Amino acid sequence: MAPLNSLSKEYPLIDSNFQTFCASHAIYSVEDFLLHDLDALFASAANHSNSERLKQGIHQLLLIVDALHPPVLNGLQLIEDAKRNKHVFSTGCEGIDALLGGGLRVGQLTELVGPSSSGKTQVCLMSSSTVAKNKCSVIYLDTGNSFSPQRIAYFVGQSSDYVSVNQNILDRIICYPVFDVYQMFDLLHQLKINLRSQIVKSDHQVQVLIVDSISSLITPILRGNGPQGHALMISSGFLLKQLAHEHNIAVLVTNHVVGGDDGNPKPALGESWKSVPHVRLLLSRDCRSNVSNISIIKHPAMASGRSATSTRLFV
Amino acid sequence: MEIGMLPISASKRGKLLAAGYTTLHSILRTSTTHLVRDIEVSESEALEILNFATRSNDLDKSSGSNTNVIDGGQTAWDMLNEERFSSLITTSCLDLDNILGGGINCKEVTEIGGVPGIGKTQIGIQLAVNVQIPLDYGGLGGKAIYIDTEGSFMVERVLQIAEACIEDMSEYSHHFHKDNQAFGVKMHPNSILENIFYFRVCSYTEQIALVNYLDKFVTEHKDVKIIIIDSVTFHFRQDFDDMALRTRLLGEMSLKLMKLAKNLSLAVVMLNQVTTKHIEGSFQLTLALGDSWSHSCTNRIILYWNGDERHAYIDKSPSLKSASAPYSVTSRGIRNSTSSSKRIKMV
């Protein structure tokens, strides 16, 4: 929290007198102010010579704090918001949609976990093409040069009647190659600004954000010199969830697996990341028989452990 | 945007937080002198922090254009059209080229792994020669960088393969341009050798330093179209006590290689060794360097023995079908398998 003297330029009520008064109560920053007993502060201000001005200063600080926190919502407002804004997007594959309770939900962070070559990128590409066919925009952050426009064209071409429609559909999927976690932050931040100031046009509204894969961005910085890698991981999760909720986007990320203690593979990125996504799905594929298996690790509304098996889950 | 997302060192971040600067706005409100006094850094460091903060804040303000495309992105339609002109490097084996969709793709990182003796280095050398095939003959006319970690690069063998390649090219021109005598091949094996830049690395730090340096090198030598690393595993397998450090270093190296491939439009080929893994009660052969590394490539090809024949199998690819094809290693390089059954086996 800012030191009090930095506020003096914008808010003339918080002048040097006020700051001296606060300093006499050991209040040097806004944080100290919030921790202090406000009634006692008011009482002490009343005993001072320019008590009115001091009380106005205290009120000013309280106003600044009030303006900064997000609005409080009650349950009814939340349900209305969910009905109006939080749609569900089909992924294009019935098995996955059934497991997800309809598909990718706006406002939620869905994670796909799986070993290499289990189909995570394919699910991402398929979801992008399905969402684009339903006239919504997709932003695809690609860290491994795995975004394949041919595959997208294949998925789109499978069930669309006119070839000329393809350009409109493909124009709705925008791919950003990202090779650095700071680059991802910059991009997400710019996206947030764009969304805040955007005039809503149904054809160009970004509704799905895919990060493939977030683990390759975060693994190089985890457990390094100190906890900042961990902090960056949690901040990125927080930023993605904030984007999802405030701007009505469905977020899909992919993660890889590492060897666990008993030899069974477990999702990468550690224990703290477990609580970040709302929905976690585990994919696996048996190479020889080409049978894919998806199961739920975590879901707010479906039972975990439910799974779907299919040969050729997506052609 | 919070302080945690600024690219500054951990100690400076700690000092900022301890002095009470927890948000971007609080930094922007002060001046360099205040920063120098509060967190005890030099003038230039304080100026650097303020610059980072201002730049992040400018991102906030620059919401002028109402388009959806933030800088750096491309729509799928544009990428699809670009891909039609994309460059492929042939492997000189028709079956292998067919399952690869024409050859090794530029802008992608391909990992090729297999048991010792299967022909990984041979494929690497063949690609280093094939990238130099001139545009007239359907090649890229580019140069190659060969990073050798094991010392298995034999110049005599490269000369042999280069000569065979030139003979093949002159045979091709003889077939298709019978009337035009002046269409002879103007290449000499020595010029092929000249266009392969060879680096020998002897430790993992050298390998990482070289990958960091490649960006500058390729910008100076713009014709480089392929980077072959043979093998990427060697220095990371022995004497590495700290596995967590290894995972971090490998993750960073793979991101840098991906960035090189994408930004400079070249192909990166990494050759890998095999190890055994205990899966479901039995031991299976998998590629070395662990689970995290298996995600660090765009495509993966596994080479294996099938009876007496060498086969290549596409293990991971975003757009290619899983298939395997036979190939053989001859005195002229990598060629089609000479056995009678030349079918591509669809898995």
Next item on the list: Would you please list the contacts, defined by Cβ atoms under 9 Å and residues six or more apart or on different chains, that run from a residue in region A:74-97 that is within 29 Å of residue A:154 (Cα to Cα) to a residue that is of a type in the set (Asp, Glu)?
Entry: A:88/A:97; A:90/A:97; A:91/A:97
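Return yes when residue B:166 is in the same structural domain as residue B:213 (by the TED database), β-branched (Val, Ile, Thr), surrounded by fewer than 22 Cβ atoms within 10 Å (Cβ to Cβ) and under 24 Å from residue B:327 (Cα atoms) and no when it is not. Reasoning before the result, please.
Details: in the same structural domain as residue B:213 (by the TED database): yes; β-branched (Val, Ile, Thr): yes; surrounded by fewer than 22 Cβ atoms within 10 Å (Cβ to Cβ): yes; under 24 Å from residue B:327 (Cα atoms): yes.
Criteria met by residue B:166.
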Check: Got a number for residues in region B:138-154 being surrounded by fewer than 16 Cβ atoms within 10 Å (Cβ to Cβ) and out of contact with any helix residue (DSSP H, G or I) (no Cβ under 7 Å at 6 or more places or on another chain)?
Finding: 3
Notebook entry, point to check: If you go through region B:126-137 one residue at a time, do you hit one that is free of Cβ contacts under 8 Å to residues at least 12 places away in the same chain, aliphatic (A, V, I, L, M) and exposed (fewer than 14 other Cβ atoms within 10 Å of the Cβ)?
Noted result: yes
Check: Within region B:8-18, restricting attention to residues that are more than 10 Å from chain A (Cβ to nearest Cβ) and without any contact (Cβ under 8 Å) to a residue 24 or more places away in the chain, which residue is surrounded by the fewest Cβ atoms within 10 Å (Cβ to Cβ)?
Finding: B:18
Next item on the list: Could you give me the residue pairs with C-beta distances under 9 Å whose first residue belongs to region A:36-50 and is under 14 Å from residue A:23 (Cα atoms), whose second residue is exposed (fewer than 10 other Cβ atoms within 10 Å of the Cβ) wherever it lies, and which are 6+ apart or on separate chains?
Entry: A:36/A:26
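Results for (1) modelled with pLDDT of 90 or more; (2) at the interface with chain A (Cβ under 10 Å from one of its Cβ atoms); (3) more than 20 Å from residue B:105 (Cβ to Cβ), shown as yes or no for each residue.
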{"residue": "B:237", "(1), (2), (3)": "no, no, yes"}
{"residue": "B:261", "(1), (2), (3)": "yes, yes, no"}
{"residue": "B:267", "(1), (2), (3)": "yes, no, no"}
{"residue": "B:270", "(1), (2), (3)": "yes, no, no"}
{"residue": "B:286", "(1), (2), (3)": "no, yes, yes"}
Note to self: Six or more apart or on different chains, Cβ atoms under 7 Å: show the pairs whose first residue is in region A:123-141 and within 8 Å of chain B (Cβ to nearest Cβ) and whose second is among the small types (Gly, Ala, Ser) and not in a helix (DSSP H, G or I).
What the structure shows: A:125/A:148
Item checked: residue A:228, sole failed condition from (1) more than 7 Å from every other protein chain (Cβ to nearest Cβ); (2) modelled with pLDDT under 90 -> (1)
Margin query: Checking the structure you have, find out if any residue of region B:241-250 is away from chain A (no Cβ under 13 Å), in a loop (DSSP other than H, G, I, E, B), surrounded by fewer than 18 Cβ atoms within 10 Å (Cβ to Cβ) and at pLDDT below 90.
Written below: yes
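Which of the residues belonging to region B:69-121 are of a type in the set (A, V, I, L, M) and more than 9 Å from chain A (Cβ to nearest Cβ)? Full working, then the answer.
Residues of region B:69-121 of a type in the set (A, V, I, L, M): B:69-70, B:76, B:79-80, B:88-89, B:94, B:96, B:99-100, B:104, B:109, B:112, B:115, B:118.
Residues satisfying the conditions are B:88, B:89, B:94, B:96, B:99, B:100, B:104, B:112, B:115, B:118.
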Next item on the list: Please state which one of A:168, A:145 is within 14 Å of chain B (Cβ to nearest Cβ) and either farther than 18 Å from residue B:319 by Cα or part of a helix (DSSP H, G or I) (or both).
Entry: A:168
Check: Which of the residues spanning region B:19-52 are surrounded by fewer than 18 Cβ atoms within 10 Å (Cβ to Cβ), more than 9 Å from chain A (Cβ to nearest Cβ) and more than 42 Å from the chain's Cα centre (by Cα)?
Finding: B:31, B:32, B:33, B:36, B:37, B:40
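Here's the yes/no breakdown for (1) at pLDDT 85 or above; (2) in contact with a helix residue (DSSP H, G or I) (Cβ under 7 Å, 6 or more places away or on another chain):
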site	(1), (2)
A:81	no, no
A:89	yes, yes
A:104	yes, yes
A:122	yes, no
A:141	yes, yes
A:156	no, yes
A:162	no, no
A:166	no, yes
Check: Given A:64, A:79, which one is surrounded by 10 or more Cβ atoms within 10 Å (Cβ to Cβ), within 30 Å of residue A:136 (Cα to Cα) and within 31 Å of the chain's Cα centre (by Cα)?
Finding: A:79
Notebook entry, point to check: Between a first residue in region B:231-251 that is among the basic types (Lys, Arg) and a second residue that is assigned to a loop (DSSP other than H, G, I, E, B), which pairs have beta carbons less than 9 Å apart while being 6 or more apart in sequence or on different chains?
Noted result: B:237/B:273; B:237/B:288; B:237/B:289; B:246/B:240; B:246/B:289; B:248/A:222; B:248/A:223; B:248/A:224
Notebook entry, point to check: Name the pairs whose Cβ atoms lie under 7 Å apart, with the first residue in region B:184-198 and under 11 Å from residue B:162 (Cα atoms), the second modelled with pLDDT of 80 or more and surrounded by fewer than 18 Cβ atoms within 10 Å (Cβ to Cβ), and 6 or more positions between them or separate chains?
Noted result: B:189/B:159; B:189/B:163; B:193/B:159
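How do the strands (runs of 3 or more DSSP E) wholly within region B:264-313 filter down when requiring 1 or more residues that are touching a helix residue (DSSP H, G or I) at 6+ places or on another chain (Cβ under 7 Å): which remain?
Numbers: elements: B:267-272, B:274-279, B:282-287, B:299-306.
Once the strands (runs of 3 or more DSSP E) in region B:264-313 are filtered for at least 1 residues that are touching a helix residue (DSSP H, G or I) at 6+ places or on another chain (Cβ under 7 Å), what remains is B:267-272, B:299-306.
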Note to self: So residue A:288 ticks every box in (1) modelled with pLDDT under 85; (2) not in a loop (DSSP other than H, G, I, E, B); (3) not hydroxyl-bearing (Ser, Thr, Tyr) but one. Which box is left unticked?
What the structure shows: (2)
Check: Has region A:51-61 got any residue that is under 33 Å from the mean Cα position of the chain (by Cα), of a type in the set (A, V, I, L, M, F, W, C), closer than 16 Å to residue A:19 by Cα and part of a helix (DSSP H, G or I)?
Finding: yes
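Conditions (1) in a helix (DSSP H, G or I); (2) crowded, with 21+ Cβ neighbours inside 10 Å; (3) not assigned by the TED database to the domain that holds residue A:98, marked per residue:
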| position | (1), (2), (3) |
| --- | --- |
| A:195 | yes, no, no |
| A:208 | no, yes, no |
| A:251 | no, yes, no |
| A:261 | no, no, no |
| A:295 | no, no, no |
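For the structure I just gave you, tell me whether residue B:261 is small (Gly, Ala, Ser), touching a residue at least 40 places away in the same chain (Cβ under 8 Å) and surrounded by 21 or more Cβ atoms within 10 Å (Cβ to Cβ). Full working, then the answer.
On the way: small (Gly, Ala, Ser): yes; touching a residue at least 40 places away in the same chain (Cβ under 8 Å): yes; surrounded by 21 or more Cβ atoms within 10 Å (Cβ to Cβ): yes.
Yes; evaluated as a whole, the condition is true for this residue.
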Notebook entry, point to check: When region B:312-335 is examined, which residues are found to be buried (at least 20 other Cβ atoms within 10 Å of the Cβ) and within 14 Å of chain A (Cβ to nearest Cβ)?
Noted result: B:314, B:315, B:316, B:317, B:318, B:319, B:324
Check: Exactly one of (1) without any contact (Cβ under 8 Å) to a residue 24 or more places away in the chain; (2) in contact with a Leu (Cβ under 7 Å, 6 or more places away or on another chain); (3) in a loop (DSSP other than H, G, I, E, B) is unmet by residue B:117. Its number?
Finding: (2)
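Among the residues of region A:268-285, write down those that are part of a strand (DSSP E or B) and within 11 Å of chain B (Cβ to nearest Cβ).
Pass one, region A:268-285, residues part of a strand (DSSP E or B): A:279-285.
Residue satisfying the conditions is A:285 alone.
Taking the condition of being under 23 Å from residue B:122 (Cα atoms), surrounded by 18 or more Cβ atoms within 10 Å (Cβ to Cβ) and not small (Gly, Ala, Ser), how many residues in region B:215-240 meet it? Write out each step before concluding.
Here is the first cut: in region B:215-240, the ones under 23 Å from residue B:122 (Cα atoms) are B:223-237.
When the remaining residues are screened for being surrounded by 18 or more Cβ atoms within 10 Å (Cβ to Cβ), the result is B:224-236.
Keeping just the survivors that are not small (Gly, Ala, Ser) gives B:224-230, B:232-236.
Count: 12.
Could you say whether any residue in region A:94-106 is assigned to a strand (DSSP E or B), of a type outside the set (Asp, Glu) and within 29 Å of residue A:220 (Cα to Cα)?
Taking region A:94-106 and keeping what is assigned to a strand (DSSP E or B), we get A:104-105.
Filter once more, keeping what is of a type outside the set (Asp, Glu): A:104-105.
With within 29 Å of residue A:220 (Cα to Cα) added as a condition, the list becomes A:104.
Looking through region A:94-106, at least one residue is assigned to a strand (DSSP E or B), of a type outside the set (Asp, Glu) and within 29 Å of residue A:220 (Cα to Cα).
The values are calculated or read from the model by the stated rules, or taken from the named source; none is laboratory data. Quick caveat: nothing in here was measured; it's all calculated off a predicted structure. Note: ideal-geometry Cβ built from the backbone for every residue, glycine included; neighbour counts use all protein chains shown.
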